[in-house]
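A.B. asks: Dumping the structure here so I can ask a few things about it.
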Amino acid sequence: MPPNILVIRLSSLGDVVLTAPVFKNLKAHWPDARICVLVKPQFAPVLQANPCVDEVLPFRGLFQTLQDIRARRFTHLLDLHATLRTFLIRNLAAVPNVSVYRKHALARRLYVLFRWSSPALAKHSLDRYLESLSAWGVPIVCRDLALGDYGSGKGKLPPPSPARVLLVQTSFLGDALLTLPLARRIKQQIPGCRLTVLTRPETVSVFRRDASVDEVLADDKRGAQAGVSGLWGLARDLRSRGFDLAFVAHRSLRSALLVWLARIPHRVGFSSSAGAFLFHQTVAFPWGMPEVERNLALLLALKPGLRAERGDALYLKGPAPAAPSGDASDEVGLRERLRREGVEPGQVLVGIHPGSVWETKRWLPERFARLTARLTREAGARVVFIGGAGDPPLVAGILALAGVPALSGSGERPPSEDRAPLRPALDWTGKTTLPELMLLASRLDLLITNDSGPMHIAAASGVPTIALFGPTTRELGFFPYGDGHRVVEKDLACRPCGLHGSRRCPEGHFLCMRLIGVDEVFRHARELLAGRAASSPREENSCAARTAPPGAPS
């Protein structure tokens, strides 16, 4: 007889969504099992679309719930809440097989009250959920959340027609790039709508090159739109445009307040937003899910059964859409620039992005130097360094350590360099616009980068990407999305130490980056380049991986 399983999670929306991998592992171990989930009534619709959940049981008071549980004759009970109320439920329900996750409530309270840290807090809640399955011998084969594991928690929002839709994303470059699939899906879900994107001035070009976006507005919140007067003026401008619907991908109070002041009649945002109370409908923002899919989840308000598609990962691949941005001439100019600097068509070209706004996100310069030398000498690759205006000194130091001659990007290649033992590297740091960088990414055979915006550009262009993660982790959702990429990181109790990194290591040892060795990264590079060469035409090889536990650096 297949197991009849009750899972209890009587908590917030985010906690309920986070249980999805538990159901996947239970179904993988017991395909014929029946899974019922006990949740608060307001969160019952969130799990209705989950393919691994057979029934959602709303909590209707202790005594009624006990009657409901006994009537269903469960064989297994998994308590993922671990409170006094669930203690009573599991002890009065008379279910023979019970497992309870370790909440470590005391350790959490001591940390909140006195900042007393404990090793028990180093594990993510999801890891503790999954550990509770070991009591039943259930192996862990899945740790990931995906679009489709949950719904919006409310009924379907009827799209206005004809619709003027506003999409708000005023965060950094990587966030803007990861919002492009949402823009395209909005156009699919609301045919004929006019889509306007509100973004920061630095990322206007990201959206202007996309054919699904009809209009791009700049929110200069550090300049013309700064302060209360700037916010009010921008809200009046948005109100005058008569938007019918707003999707707010940025989770700040300012973004939520802006669409509320603009009096947009339908507003959709994340439940974790500081201004969630200003939205008409919210969806969960679960950690552990790729950022592309978290953004797409905003459309669950229109289409509860929405799923991720292959095109969502490769949203920059192929020729740029027709747009008045000069992309065609830019592409010709890029080919000519590469030709002048000795990069022939078909030659292996590896991009390296060694910089970051946050110092703790940067792999060690001497490691980049040794990697560069090995790529040019042992892999026969040409290397092009990319980065912002502040990165040339960093790259100059790397090239000096590597002993690799550099081409500055002027276009003239000294003839003597043809006989150099190492192929010259291209130093294009601070010498490319954002549209040029997006075009260059599509020409690369591989990108090796810290956790950064160019990482998302390369991955979305179908370019195999090696991402070096130190203070941040995959679980934060900002890893290279799609197949054919590798995240190199080390399992340390101190990771992640923040959402964006910091100026210096809080622990003082910087092991998260120091434990990533050159041999390890070069091995990944050789494997991905070999896979790239074997594909014809260029296709992504499915080899997303996480590295082994910490070892000695090379």
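Only the coordinates and a few stated rules stand behind these numbers; no lab work does. Just so you know, these numbers come straight off a predicted model, no measurement behind them. Heads up, the Cβs are rebuilt from the backbone with ideal geometry, glycines too, and the neighbour counts pull from every protein chain shown.
A.B. asks: Rank by packing, highest mean first: peptides 460-471, 503-514, with packing defined as the count of other Cβ atoms within 10 Å averaged across residues.
C.D. replies: Values: 460-471: 26.1, 503-514: 14.8.
Taking the mean over residues of other Cβ atoms within 10 Å, the ranking is 460-471, 503-514.
A.B. asks: Measure up K24/K317; K40/K303; K187/K317 against 25 Å on the Cα-Cα distance and list the ones that go over. Provide the component values of the computation, followed by the final result.
C.D. replies: On the way: K24/K317 31 Å; K40/K303 23 Å; K187/K317 19 Å.
Beyond 25 Å between Cα atoms: K24/K317.
A.B. asks: Going by average Cβ density within 10 Å per residue, which order do the peptides 306-314, 229-237 take, highest to lowest? Mind dumping the intermediate values first?
C.D. replies: Values: 306-314: 16.7, 229-237: 14.7.
By packing density, highest mean first, the sequence is 306-314, 229-237.
A.B. asks: Here's something else I'd like to know. Three principal axis extents, largest first, for the C-alpha atoms of the stretch 164-313, in Å?
C.D. replies: 42, 33, 30
A.B. asks: Could you work out the Kirkwood radius for the stretch 256-310, taking every pair of different alpha carbons, averaging 1/r and inverting it, reported in Å?
C.D. replies: Values: mean 1/r = 0.0836 Å⁻¹.
One decimal place: 12.0 Å for the Kirkwood radius.
A.B. asks: What does the charge count near A226 come to, summing +1 for each Lys or Arg and -1 for each Asp or Glu among other residues with Cβ under 13 Å from its Cβ? Kindly include the intermediate steps, with their values, before the conclusion.
C.D. replies: On the way: positive: R200, K221, R222, R254; negative: D219, D220.
Net of charged neighbours comes to +2.
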